[in-house]
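The values are calculated or read from the model by the stated rules, or taken from the named source; none is laboratory data. Since this is a predicted model, take the numbers as computed values, not measurements. All Cβ positions, even for glycine, are placed from backbone atoms using ideal geometry, and neighbour counts span all protein chains on display. All accessible areas refer to the heavy atoms of the entire protein, side chains included, with ligands and DNA or RNA removed. Shrake-Rupley method; radii C 1.70, N 1.55, O 1.52, S 1.80 Å.
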Amino acid sequence: MSTTATVQDRPVAPKANTLELVQQSWIYRFLLFPIGQMLIFIAGATILLTVIAYAIAIAFPAPNPNIDLVTQINRQLPGMIISGVSIGFVYSMIALGYTLVYGVLQFINFAHSELFMVGSATGFVVMKALEDNGVLKEWNPILMILFMLVCAMTVSGILAMLMERIAYRPLRGAPRLVPLITAIGISFFLIDFVRAGFAITRNEFNLTYPVRSLEMFATPVRVAIGETTVNVRTTSIMIIISAVIMLVILNYIVNGTKLGRGIRAVAQDQTMSGLLGVNVNLMISLTFLIGGAFGGAAGMLFGMNVGTITPYVGFLPGLKAFTAAVLGGIGNITGALLGGLTIGIVEAFLNGVLVYYPALGQRYTDILTFSVLILILIFRPTGILGKRVDEKV
Amino acid sequence: MSDIVLHVENLHSYYGHIHALKGISVDVKKGEIVTLIGTNGAGKSTTLRTISGVLRPKRGTVTLKGQNITGMRPHEVAALGVSHVPEGRRIFPQLTVMENLDMGAWNVSDKKLIETRKEEVFTLFPRLRERINQLGGTLSGGEQQMLAIGRALMTRPEVLLLDEPSMGLAPVLVELIFDIIQKINKEQGTTILLVEQNALMALEIATRGYVLQTGEIVMNNDAKVLLKDERVRKAYLGEE
Ligand SMILES: Nc1ncnc2c1ncn2[C@@H]1O[C@H](COP(=O)(O)OP(=O)(O)OP(=O)(O)O)[C@@H](O)[C@H]1O
Ligand SMILES: [Mg+2]
């Protein structure tokens with residue numbers, strides 16, 4: 001048999017031009033691109049919502065004639081944006097856990113919200129211990145946040161791995177409903193376990209982070225924009241900075257390392273990955289570890305932000321983050337990030353505007369948030385970036 | 001005996017209650033190309049799957065260079081030097097060509113060696129070099145087959161299990177793929193177990209062949225002998 005010439009022509013790789021070289025560079029792929037993407041999305045979403053907020057203010061003047069809604073929105077806008085972005089990042093970090101696990105196992109880990117809760121509780125335990133030992137005020141606050149983050153991530157990450165190993169792995173290959181119900185069971189178990197634990201040791205399960213005793217968090221940062229000064233909460237800034245750093249690292253792990261390549265390969269074809277030498281179970285364990293660690297970090301940051309948490313704290317953020325994951329297209333990492341930001345920002349704007357309509361009030365925020373999501377999903381059933389999901393097969 | 005690299009004895013595999021392999025025994029010697037032929041559903045792919053650990057046999061043993069590997073997990077078998085290119089190519093659709101090749105080198109830790117191996121693959125399949133940043137899922141069928149074989153070669157396997165490498169390819173590409181299978185066998189000394197629908201071409205390049213029928217081996221002989229065998233010609237080479 002002779003080798004044919006037709007399939008062997010053009011053996012030289014095409015020369016890359018400057019733009020391509022920049023795009024292939026490390027800095028672009030792992031810093032500029034992901035951060036730029038977040039910034040552009042945040043800018044787009046806030047501009048859109050600002051326009052909508054003003055439109056509402058003009059179309060439906062607030063029932064109280066003493067309040068000029070437009071001025072109020074002017075004053076509150078920066079605050080709404082910052083709190084929206086920070087809570088949005090919290091949702092994103094939780095949503096990543098849902099989406100990563102779904103990516104490798106096509107299974108929704110409904111106990112994921114409890115990894116968030118456990119992270120939150122761990123953060124409390126650590127901070128309280130620091131306070132009880134009198135070192136809380138001596139430590140460098142950044143070091144302290146880092147330490148709390150690492151603790152929360154470790155506990156939640158390992159818990160997630162154990163969860164998979166003990167409860168989900170034996171059920172692989174079972175009908176989908178079985179691990180789903182198991183997950184709900186684990187969720188209840190963890191809530192009660194944590195509640196009982198605190199009830200026994202502390203005689204209460206309202207856990208108040210000793211945030212107020214720290215000067216740094218007690219007073220908001222004042223930022224002057226034009227004539228108005230805006231109060232920005234330090235915890236919001238802390239959440240945004242921590243989240244951006246962690247998301248950049250996650251993007252690097254997933255897209256720039258061998259481990260990440262292995263996880264992506266397992267998500268696309270488990271059998272083939274195994275044939276190439278990948279220890280599939282190990283990759284699945286590590287996926288749970290990463291997802292759990294992010295959930296734990298989100299829980300700890302959330303706890304610092306709200307101040308007081310309970311063992312039931314996981315439910316609502318978990319539900320919203322799950323919706324965020326679906327909104328972004330479940331299984332899609334960028335989608336989870338953008339979905340979380342969307343929900344956070346929409347929620348903050350609704351909160352900001354609804355206060356002025358006593359007939360509705362902030363109680364309606366969640367209902368309206370979920371309504372907006374249902375609307376988006378009716379028109380884009382696979383989520384904002386959901387195309388990937390059907391391509392996967 | 002010592003030159004037998006892969007020794008499969010009395011293998012029984014099931015899919016649920018379906019008894020797919022009913023006592024398969026195959027020997028592959030070092031440096032050989034051995035082919036498994038048979039009609040659809042005969043159990044050819046199942047045999048390869050059982051060897052590489054995707055499927056656990058109910059009975060029987062698989063021995064690799066004297067080591068019993070029966071029931072090992074696929075990644076453990078792969079680490080021992082067996083590369084299995086399954087039916088349907090199984091390229092990672094959302095990984096680039098480069099990343100697909102990197103996946104093939106999962107067990108190779110030496111970065112320089114990985115680069116050399118990639119160069120070797122590109123020499124075999126120059127077409128792939130032009131497509132390094134393209135997603136696997138967007139390659140044509142033939143390109144995917146090249147990538148699948150190239151990916152399997154990244155570890156320099158001792159034994160290569162190929163499942164229907166010519167499926168769905170244009171005649172010109174089929175010839176190329178068969179050329180390359182021979183080249184890999186001769187130049188790299190890779191032992192090959194080849195499953196093929198295209199029995200004529202497979203027997204032409206093989207040293208020996210096994211004929212499977214509903215989970216059993218019904219014939220086994222030198223490839224040249226099988227090529228001349230009446231029953232084989234009738235049943236598998238489409239002669240009346
Ligand atoms: N995943 C599965 N579940 C149930 N039965 C299966 C499965 N895979 C294969 N079988 C059955 O096992 C038998 C052997 O299948 P196998 O894929 O090994 O055949 P084959 O010889 O490779 O055929 P082909 O030439 O069509 O690829 C067939 O009867 C098939 O229906
Ligand atoms: Mg087959």
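Checking B:G53 against (1) surrounded by fewer than 19 Cβ atoms within 10 Å (Cβ to Cβ); (2) farther than 21 Å from B:R208 by Cα: exactly one of these is not met. Which one?
Unmet for B:G53, out of (1) surrounded by fewer than 19 Cβ atoms within 10 Å (Cβ to Cβ); (2) farther than 21 Å from B:R208 by Cα: (1).
Of everything in the range B:85-99 that's more than 7 Å from chain A (Cβ to nearest Cβ) and on the phi > 0 side of the Ramachandran plot, which residue is surrounded by the fewest Cβ atoms within 10 Å (Cβ to Cβ)?
Taking the range B:85-99 first, the residues more than 7 Å from chain A (Cβ to nearest Cβ) are B:85, B:87-89, B:91, B:96-98.
Going one step further and asking which of them are on the phi > 0 side of the Ramachandran plot, we end up with B:88-89.
Numbers: B:G88: 16, B:R89: 23.
Here the residue is B:G88.
Assess whether A:A293 counts as being open to solvent by less than 10 Å² (accessible area, probe 1.4 Å), in contact with a helix residue (DSSP H, G or I) (Cβ under 9 Å, 6 or more places away or on another chain) and on the phi < 0 side of the Ramachandran plot. Break it down stepwise before answering.
Details: open to solvent by less than 10 Å² (accessible area, probe 1.4 Å): no; in contact with a helix residue (DSSP H, G or I) (Cβ under 9 Å, 6 or more places away or on another chain): yes; on the phi < 0 side of the Ramachandran plot: yes.
Answer is no for this residue.
Please specify each residue of the range B:12-33 satisfying the condition of being within 16 Å of ligand 2 (Cβ to nearest atom) and within 23 Å of B:G66 (Cα to Cα). It would help to see each step written out before you state the result.
At the first step, the residues of the range B:12-33 found to be within 16 Å of ligand 2 (Cβ to nearest atom) are B:13, B:15, B:18, B:20-21, B:24, B:26.
Those that are within 16 Å of ligand 2 (Cβ to nearest atom) and within 23 Å of B:G66 (Cα to Cα): B:S13, B:L21, B:I24, B:V26.
Which condition number does B:F178 fail, the rest of (1) under 22 Å from B:R208 (Cβ atoms); (2) more than 10 Å from chain A (Cβ to nearest Cβ); (3) out of contact with any Gly (no Cβ under 6 Å at 6 or more places or on another chain) being met?
Failed condition: (2).
Where in the range A:1-116 are there helices (runs of 4 or more DSSP H), lying wholly inside it, with at least 3 residues that are more than 14 Å from every other protein chain (Cβ to nearest Cβ), modelled with pLDDT of 85 or more and under 30 Å from A:G331 (Cβ atoms)? First the steps, then the outcome.
Numbers: elements: A:18-24, A:33-59, A:69-105.
Per the criteria, A:33-59, A:69-105.
Under the condition of being part of a helix (DSSP H, G or I) and surrounded by fewer than 22 Cβ atoms within 10 Å (Cβ to Cβ), which residue from the range B:100-117 is nearest to the other protein chains (Cβ to nearest Cβ)? Walk me through how you get there before you give the answer.
Residues of the range B:100-117 part of a helix (DSSP H, G or I): B:100-104, B:111-117.
Add one more test, that the residue is surrounded by fewer than 22 Cβ atoms within 10 Å (Cβ to Cβ), and what stays is B:102, B:111-117.
On the way: B:D102: 6, B:K111: 11, B:K112: 16, B:L113: 14, B:I114: 11, B:E115: 14, B:T116: 16, B:R117: 13 Å.
This residue is B:D102.
Quick check on the range B:144-151. Is at least one of its residues within 16 Å of ligand 2 (Cβ to nearest atom), at the interface with chain A (Cβ under 10 Å from one of its Cβ atoms) and in contact with a Lys or Arg (Cβ under 6 Å, 6 or more places away or on another chain)? If you could, list the steps in order and put the result at the bottom.
Step one: of the range B:144-151, the residues within 16 Å of ligand 2 (Cβ to nearest atom) are B:145, B:148.
Remaining after also requiring at the interface with chain A (Cβ under 10 Å from one of its Cβ atoms): B:148.
Those still in the list that are in contact with a Lys or Arg (Cβ under 6 Å, 6 or more places away or on another chain) too: B:148.
The answer is yes; a qualifying residue exists.
Could you list all residues from the range A:276-290 that are touching a Lys or Arg at 6+ places or on another chain (Cβ under 9 Å) and open to solvent by 10 Å² or more (accessible area, probe 1.4 Å)? Give the steps one after another, and end with the answer.
Step one: of the range A:276-290, the residues touching a Lys or Arg at 6+ places or on another chain (Cβ under 9 Å) are A:276, A:279-281, A:284-285, A:288.
Passing the criteria: A:L276, A:N279, A:V280, A:N281, A:S285.
Name the helices (runs of 4 or more DSSP H) wholly within the range A:296-393 that hold at least 3 residues that are modelled with pLDDT of 90 or more, of a type in the set (A, V, I, L, M, F, W, C) and open to solvent by less than 10 Å² (accessible area, probe 1.4 Å)? Let's see the steps before the verdict.
Numbers: elements: A:315-328, A:333-354, A:365-379, A:387-391.
By residue number, A:315-328, A:333-354.
Going through the range A:173-204 one residue at a time, which ones are polar (S, T, N, Q) and farther than 14 Å from A:T310 by Cα? Lay out the reasoning, then the answer.
Restricting attention to the range A:173-204, the residues satisfying the condition of being polar (S, T, N, Q) are A:182, A:187, A:201, A:203.
Listed by number, the residues that qualify are A:T182, A:S187, A:T201.
Results for (1) surrounded by fewer than 18 Cβ atoms within 10 Å (Cβ to Cβ); (2) away from ligand 1 (no atom under 16 Å from the Cβ), shown as yes or no for each residue.
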| position | (1), (2) |
| --- | --- |
| B:D163 | no, no |
| B:P171 | yes, yes |
| B:K186 | yes, yes |
| B:I192 | no, yes |
| B:N198 | no, no |
| B:Q213 | yes, no |
| B:D222 | yes, yes |
| B:R231 | yes, yes |
| B:K234 | yes, yes |
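Name the residues in the range B:49-63 that are more than 16 Å from A:G277 (Cα to Cα) and either near ligand 1 (Cβ under 9 Å from one of its atoms) or aliphatic (A, V, I, L, M) (or both), would you?
Listed by number, the list holds a single entry, B:V62.
If you go through the range B:12-44 one residue at a time, how many are farther than 21 Å from B:A202 by Cβ and crowded, with 24+ Cβ neighbours inside 10 Å?
0
Give, as residue ranges, the strands (runs of 3 or more DSSP E) completely inside the range B:1-69 that count at least 2 residues that are in contact with a Lys or Arg (Cβ under 6 Å, 6 or more places away or on another chain). Before you say what the answer is, go through the steps one by one.
Numbers: elements: B:4-15, B:18-29, B:33-38, B:59-64.
By residue number, B:4-15, B:33-38.
Look through the range B:50-68, keep the residues that are more than 11 Å from B:L21 (Cα to Cα) and among the polar types (S, T, N, Q), and return whichever of them is nearest to the other protein chains (Cβ to nearest Cβ).
B:S52
Filter the range B:16-39 down to the residues that are within 13 Å of ligand 1 (Cβ to nearest atom) and either in contact (Cβ under 8 Å) with a residue 12 or more places away in the chain or under 30 Å from B:E187 (Cβ atoms) (or both) and list them by number.
Applying the first criterion (within 13 Å of ligand 1 (Cβ to nearest atom)) to the range B:16-39 yields B:16-22, B:24, B:35-39.
Scanning the range B:16-39 gives B:H19, B:A20, B:L21, B:K22, B:I24, B:T35, B:L36, B:I37, B:G38, B:T39.
Look through B:L80, B:L169, B:L161 and report the one residue that is within 16 Å of ligand 2 (Cβ to nearest atom) and modelled with pLDDT of 95 or more.
Only one candidate passes the filter, namely B:L161.
Quick one: B:T47 ticks every box in (1) open to solvent by less than 10 Å² (accessible area, probe 1.4 Å); (2) over 17 Å from the mean Cα position of the chain (by Cα); (3) not small (G, A, S) except a single one, so which number is it?
Unmet condition: (2).
Residue under question is B:I205, and the condition is that it be within 13 Å of ligand 1 (Cβ to nearest atom), open to solvent by 10 Å² or more (accessible area, probe 1.4 Å), touching a Phe, Trp or Tyr at 6+ places or on another chain (Cβ under 9 Å) and at pLDDT 90 or above; does it hold?
Details: within 13 Å of ligand 1 (Cβ to nearest atom): no; open to solvent by 10 Å² or more (accessible area, probe 1.4 Å): yes; touching a Phe, Trp or Tyr at 6+ places or on another chain (Cβ under 9 Å): yes; at pLDDT 90 or above: yes.
Answer is no for this residue.
What number goes with the only condition from (1) closer than 30 Å to B:Q134 by Cβ; (2) in a helix (DSSP H, G or I); (3) of a type outside the set (S, T, Y); (4) out of contact with any strand residue (DSSP E or B) (no Cβ under 8 Å at 6 or more places or on another chain) that B:E76 does not pass?
So B:E76 meets the others, but not (1).
For the range A:59-102, name all the residues that are surrounded by 18 or more Cβ atoms within 10 Å (Cβ to Cβ) and polar (S, T, N, Q).
Correct list: A:Q76, A:S83, A:S86, A:S92, A:T99.
What helices (runs of 4 or more DSSP H) lie completely within the range A:169-275 and have 2 or more residues being buried (at least 19 other Cβ atoms within 10 Å of the Cβ)?
Values: elements: A:177-202, A:215-218, A:234-256, A:258-268, A:270-275.
Answer list for the range A:169-275: A:177-202, A:234-256, A:258-268, A:270-275.
Of all residues in the range B:71-84, count the ones that are touching a His at 6+ places or on another chain (Cβ under 9 Å) and facing chain A (nearest Cβ under 7 Å).
Step one: filter the range B:71-84 for residues touching a His at 6+ places or on another chain (Cβ under 9 Å), giving B:74, B:77-78.
The next check asks that each one be facing chain A (nearest Cβ under 7 Å); those that pass are B:74, B:78.
Number satisfying all stated conditions: 2.
Being more than 14 Å from the chain's Cα centre (by Cα), buried (at least 16 other Cβ atoms within 10 Å of the Cβ) and more than 14 Å from chain A (Cβ to nearest Cβ) is the requirement here; does B:V5 meet it?
Details: more than 14 Å from the chain's Cα centre (by Cα): yes; buried (at least 16 other Cβ atoms within 10 Å of the Cβ): yes; more than 14 Å from chain A (Cβ to nearest Cβ): yes.
When the stated conditions are applied, B:V5 passes them.
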